Amino acid sequence: MNRRNCPHINVFFLFLGAVGFFGIFSVLSATEKSSFSYLDPLLGPRVDLKSDWIGRHKVPGSMHFLIMAGHADSQGISGAGTAGEAVALQGKSPMDSSISDELYWNLLLRDAIVHIGKERGLHITGYEPGIRNVDDGNHPSTNWSVGAKHVKKGGYALEIHFDSYGEYGFGSGLIPAISLNLNAVDESLANSFGRYPIFFRGGLGAPKRGIRILEIGKLEGKLEKSLRNKQSRNKVIEDVSNRIVDAIVLGIQGEKIPN
Ligand SMILES: [Zn+2]
């Protein structure tokens, strides 16, 4: 199993570890599901797991945001990210046969978020590892290494993901860093997208390194269709990026986005 396995459950992972993982999954379902779930008109289901962290620390306007595309450095067999419902279940062609559909969308979103963020006056850059499959997760060019370094210097590192389709995914939401210093931008992103528990799946590699993970939504249904449709693609990418940048800006201002 790849150390950089997606925060969502990918099919390969389930296939390899079906018995063990289904055990965990049923425990999660029984004890951590809250009493209602929310369906976003654009993003689909929002994560519905019990979570009680609050981001309280103030974020200065000078904060440097680093945006990374999930799986950009791990297109190996188990860490590639979700193929999405269209490819995996409906027999559609991948967007780019050399990478997972999830990475295809993660890359477009990363660049759009940085572009819009700069226009809005944020101190924000994107990171491109340049190599699509780095075997060692701690190699200096991986998202993990570059993100961890950025966080150590006082910056905010955010990795973009799409969650798996169907029963394998949980939905949109922020997986916070494993940290006592969760801040107002974490709070704002969680208010806008949903809130994963702090120790989701026992603590993932990225959050352990201080990197935040944003699950945009499950790569399925209306969200995936409107991304694949050339007529609506640009608008969806722009809308999602605007929502992320809005949440960051409101977090810096110390305000909450109303649900
Ligand atoms: Zn992912």
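All of the numbers you see were taken from the coordinates with simple rules; none came from a lab. Just so it is clear, the model here is predicted, and its values are computed rather than measured. So basically every Cβ, Gly included, is an ideal-geometry build from the backbone, and we count neighbours across all protein chains shown.
Structure above, values below:
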item: Charge dipole (region 141-259, unit charges on Cβ, about Cα centre) - positive-most of ILE198, GLY154, LEU182; result: GLY154
item: Where Rh is the Kirkwood radius over Cα pairs, Rg/Rh for region 181-259; result: 1.02
item: Largest-first ellipsoid semi-axes for region 77-144, taking √(5λ) over the Cα gyration tensor eigenvalues, angstrom; result: 25, 19, 8
item: Cubic angstrom per residue, convex hull over Cα atoms of region 11-252; result: 121 Å³
item: Cα→Cβ-extended label distance, 7 Å offset, between SER97 and LYS230, nm; result: 1.9 nm
item: Estimated dipole of region 79-118 in Debye, rounded to 20 [Cβ of Lys and Arg +1, of Asp and Glu -1, Cα centre]; result: 140 debye
item: Cα point-scatterer Debye curve for region 117-259, base-10 log of I(q)/I(0) at q = 0.13, 0.19, 0.20 Å⁻¹; result: -0.62, -1.33, -1.43
item: Segment ASP136-LYS153, length gained on full extension (0.36 nm per residue, minus Cα span); result: 3.8 nm
item: Highest-first arrangement of 135-148, 62-75, where packing means the average Cβ count within 10 Å; result: 62-75, 135-148
